[in-house]
1. Just give me the residues in the range 105-120 being touching a residue at least 60 places away in the same chain (Cβ under 8 Å) and buried (at least 19 other Cβ atoms within 10 Å of the Cβ), in sequence order.
2. Name the single residue that is nearest to HIS135 (Cα to Cα) among those in the range 64-117 being aromatic (Phe, Trp, Tyr) and not in a loop (DSSP other than H, G, I, E, B).
3. Can you go through ALA75, ALA70, ALA37 and tell me which one is of a type outside the set (Lys, Arg) and in contact (Cβ under 8 Å) with a residue 60 or more places away in the chain?
4. Given the options ALA154, ALA182, ALA101, name the one that is of a type outside the set (D, E, K, R), at pLDDT below 95, exposed (fewer than 11 other Cβ atoms within 10 Å of the Cβ) and out of contact with any Asp or Glu (no Cβ under 7 Å at 6 or more places or on another chain).
5. Can you pull out the residues in the range 13-48 that are part of a loop (DSSP other than H, G, I, E, B), of a type outside the set (A, V, I, L, M) and under 16 Å from VAL71 (Cα atoms)?
6. Going through the range 49-63 one residue at a time, which ones are assigned to a loop (DSSP other than H, G, I, E, B) and out of contact with any strand residue (DSSP E or B) (no Cβ under 6 Å at 6 or more places or on another chain)?
7. Step by step: first the residues of the range 125-178, then only those that are over 14 Å from the mean Cα position of the chain (by Cα), part of a helix (DSSP H, G or I) and of a type in the set (Asp, Glu), then the one that is nearest to VAL113 (Cα to Cα). Which residue is that?
8. Looking only at the range 161-188, how many residues end up being under 21 Å from HIS41 (Cβ atoms) and of a type outside the set (S, T, N, Q)?
Amino acid sequence: MRRARTTLETLTVLEGEDLENAWQTYEVAFTGLATRAVQQHLMTREEFEEVCADERWIKYVTRDLDRGGAVCSFATFTNDLSAVYQLSEDFYQNRWPKQFAERSIWYIGCVGVHPAYRSSGVFVTLVEAMIRVVHEQGGVASLDICRYNDEALALPRLIGRIVNSLSLETSGERLDVQTYWAYDFSAA
């Protein structure tokens, strides 16, 4: 796709028509992970609405200027680690005590791009915006990436290329790995 002519908005609360449009973009962007990842990556509508109303989460929305402001991507970002379900604040406090105390550890909850806008530059726009916030604070950015997004889409390498394109000095590293196992007795 051609590079989209977009605008990026940063919001603390998303409601009304914006909420509906963001949900539609988010849902279509993450539906494919429902059968590819063991852990839930597609929030329910109720969970999505809770995040959109929660001011601890910054919401990034890109809009297509050539299509009446249609929402083409959606992302969430927080430096309040208590807002992230099942995240170990103890881990982050132990690993980066200075940044933890300064609240400069940022968690990227999701980055969803409508399939019609993949390869249009909106993913790069979102990631660059978040990286700039973290970089200005001398902070840490963290996110969870499922195996599919790691191996099939090479998401960590893509994010690394975006960071490098901004000439920012940093390195990415895998913080943890959790595997899910099953013991199937149906063949017995």
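The values are calculated or read from the model by the stated rules, or taken from the named source; none is laboratory data. Here the structure is a predicted model, which is why all the values come from computation and not from measurement. A quick note on method: Cβ atoms are made from the backbone with ideal geometry, for glycine too, and the neighbour counts reach across all protein chains shown.
1. Those that are touching a residue at least 60 places away in the same chain (Cβ under 8 Å) and buried (at least 19 other Cβ atoms within 10 Å of the Cβ): CYS110, GLY112, VAL113, HIS114, TYR117, SER120.
2. TRP106
3. Unique residue meeting the criteria: ALA37.
4. ALA182
5. Of everything in the range 13-48, just one residue is part of a loop (DSSP other than H, G, I, E, B), of a type outside the set (A, V, I, L, M) and under 16 Å from VAL71 (Cα atoms), namely GLU15.
6. ASP54, GLU55
7. The qualifying residue nearest to VAL113 (Cα to Cα) is GLU151.
8. Qualifying residue count for the region: 9.
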